[in-house]
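A short write-up of the structure that comes next.
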Amino acid sequence: MTDESSTESPKPPARVLSGMQPSGLLHLGNLVGALESWLALQNQYECYFFVADWHALSTNYRETQHIRRYTREVLLDWLAAGLDPDRSTVFVQSTVPEHAILHLLLSMIVPIPWLERNPTYKEKQEEIKGRDLSTYGFLGYPVLQAADILLYKPDLVPVGKDQLPHLELTREIARRFNKLYKPVFTIPKEYLTQFPKVPGTDGRKMSKSYGNTINISDPEPVVRKKLKTMVTDPARVRRTDKGNPDVCPVFDFHKIFSPQSIIDQVNRDCRTAAIGCIECKTLVGDAIVRRLTPIWESRAALAQRPETLDDLITTGQHKASRVASQTLAEVKEAMNI
Ligand code: TRP
Ligand code: SF4
């Protein structure tokens, strides 16, 4: 080490921010996707994680009665899985009004065509039939997301691939603001969460909207029951038929949750019909239960003390507000208001 480097003040750790909508109980796809990468990031970076309850209104404005409960369930799932509120700032979007104020201010400088050509805008509208999504709030969803992000000046935003257009838009909005007024905002980079494909019980991607999830708060009998109905290699009809694990979603689960020895065994014995699907599912159930048991235990402990969650929400609000209000002051100063 040179003298120079030893006298330098230590660089603050990079900052990370991400959010999740409270759309229901978290499932195994959320766990091995977003959540486990957050857990790894919180050991290394200064992290901000929040529940995007206002974003949930954009598609659920007619049925708002679940949002409050789901917000708490998502927080419980996060904590039970190991997100540490002493290390990371964990908060609820609607408790920090700066998000709404920055959303309003940014809306003044965002050209509508930027929003209209956002691919997720059209895709979601087509996907969610039967709900009128021709609202102002739905169109402006990415502006609110940009406000969420830019308030905390993060270096990295962990997101899945589907969120990349929103992040690109966030950068465009930040650049436009910095050029029009003053360079207030950091231009954030995405941190692509690489995760294995997690199938649902019907073999499609695990997703709440398909009703094919195994939730991380499902008790063991429910997990086992859902596995029983899970699709396997469709060509394997009888116990004596040889199977192909490469096309079987149960084997995808093995690859995620089972020890290597079991993966190898299933990979071999399925092809010769030495193992049946029922036994195979018992093995994968064992692995999932082993992974979820500590989460169930800490979730049960947390759920018994609701005031812990209230305290956490208040503490998170205060920690987040300190950063958010500082940035908002810079924004207002830059805009002369
Ligand atoms: N749009 C994100 C999703 O649906 C949730 C979200 C809202 C978010 N604000 C954010 C993610 C800010 C990252 C950063 O998953
Ligand atoms: Fe799938 Fe396992 Fe049945 Fe093979 S034995 S088809 S991997 S469930």
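The values are calculated or read from the model by the stated rules, or taken from the named source; none is laboratory data. Every value quoted in this text rests on a predicted model; they were computed, and no experiment measured them. Cβ atoms come from the backbone with ideal geometry, glycine included; neighbour counts cover every protein chain shown. Side chains included, ligands, DNA and RNA excluded: accessible areas come from the protein's heavy atoms. Shrake-Rupley method; radii C 1.70, N 1.55, O 1.52, S 1.80 Å.
Scan segment 116-167 for residues that are more than 11 Å from ligand 1 (Cβ to nearest atom), charged (D, E, K, R) and closer than 22 Å to Y61 by Cβ and report the count.
8
Being open to solvent by less than 60 Å² (accessible area, probe 1.4 Å) and without any contact (Cβ under 8 Å) to a residue 60 or more places away in the chain is the filter here, so list the residues in segment 189-211 that pass it.
Within segment 189-211, P199, T201, D202, G203 qualify.
Here's the yes/no breakdown for (1) at pLDDT 95 or above; (2) crowded, with 23+ Cβ neighbours inside 10 Å:
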position	(1), (2)
T135	no, no
Q145	yes, yes
L150	yes, yes
L156	yes, no
G160	no, no
Q163	no, no
A174	yes, no
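Could you please give the count of residues in segment 304-330 that are over 28 Å from A174 (Cα atoms) and part of a helix (DSSP H, G or I)? Don't jump to the end; show me each part of the working.
Here is the first cut: in segment 304-330, the ones over 28 Å from A174 (Cα atoms) are 304-315.
Okay, now just the ones that are also part of a helix (DSSP H, G or I), so 306-315.
Adding up the residues that qualify gives 10.
Going by the conditions given, is R117 over 25 Å from Y210 (Cβ atoms), within 19 Å of the chain's Cα centre (by Cα), loosely packed, with under 14 Cβ neighbours inside 10 Å and of a type in the set (K, R)? Write out each step before concluding.
Working: over 25 Å from Y210 (Cβ atoms): yes; within 19 Å of the chain's Cα centre (by Cα): no; loosely packed, with under 14 Cβ neighbours inside 10 Å: yes; of a type in the set (K, R): yes.
No.
From (1) more than 13 Å from ligand 1 (Cβ to nearest atom); (2) free of Cβ contacts under 8 Å to residues at least 40 places away in the same chain; (3) open to solvent by less than 20 Å² (accessible area, probe 1.4 Å), pick out the condition that doesn't hold for P111.
Exception for P111: condition (3).
Before we move on, is I214 in contact (Cβ under 8 Å) with a residue 40 or more places away in the chain and out of contact with any Pro (no Cβ under 9 Å at 6 or more places or on another chain)?
yes
Would you mind telling me which numbered condition in (1) modelled with pLDDT under 95; (2) assigned to a loop (DSSP other than H, G, I, E, B); (3) open to solvent by less than 80 Å² (accessible area, probe 1.4 Å) S217 fails?
Every listed condition holds for S217 apart from (1).
Six or more apart or on different chains, Cβ under 8 Å: which pairs go from a residue in segment 76-92 that's in contact (Cβ under 8 Å) with a residue 12 or more places away in the chain to one that's surrounded by fewer than 22 Cβ atoms within 10 Å (Cβ to Cβ) and of a type in the set (G, A, S)? Could you list them?
Listed pairs, sorted by first residue: L76/S217; L76/A303; D77/S217; L79/S298; A80/S217; A80/S298.
Take the conditions surrounded by 15 or more Cβ atoms within 10 Å (Cβ to Cβ), near ligand 2 (Cβ under 8 Å from one of its atoms), part of a helix (DSSP H, G or I) and without any contact (Cβ under 8 Å) to a residue 24 or more places away in the chain and apply them to V266. Does it pass?
Details: surrounded by 15 or more Cβ atoms within 10 Å (Cβ to Cβ): yes; near ligand 2 (Cβ under 8 Å from one of its atoms): yes; part of a helix (DSSP H, G or I): yes; without any contact (Cβ under 8 Å) to a residue 24 or more places away in the chain: yes.
Here the answer is yes, as V266 does meet what is asked.
If we scan segment 196-204, do we find a residue that is farther than 24 Å from E333 by Cβ, of a type in the set (D, E, K, R), within 16 Å of ligand 2 (Cβ to nearest atom) and at pLDDT below 95?
Taking every residue of segment 196-204 in turn, at least one turns out to be farther than 24 Å from E333 by Cβ, of a type in the set (D, E, K, R), within 16 Å of ligand 2 (Cβ to nearest atom) and at pLDDT below 95.
Could you go through segment 296-318 and let me know if any residue there is under 30 Å from M108 (Cβ atoms) and surrounded by 14 or more Cβ atoms within 10 Å (Cβ to Cβ). Give the derivation first.
Of segment 296-318, the ones under 30 Å from M108 (Cβ atoms) are 316-318.
Filter once more, keeping what is surrounded by 14 or more Cβ atoms within 10 Å (Cβ to Cβ): 316-317.
Among the residues of segment 296-318, at least one is under 30 Å from M108 (Cβ atoms) and surrounded by 14 or more Cβ atoms within 10 Å (Cβ to Cβ), which makes the answer yes.
Do the conditions hold for R131, that is, is it modelled with pLDDT of 95 or more, in contact with a helix residue (DSSP H, G or I) (Cβ under 9 Å, 6 or more places away or on another chain) and not hydrophobic (A, V, I, L, M, F, W, C)?
Answer is no for this residue.
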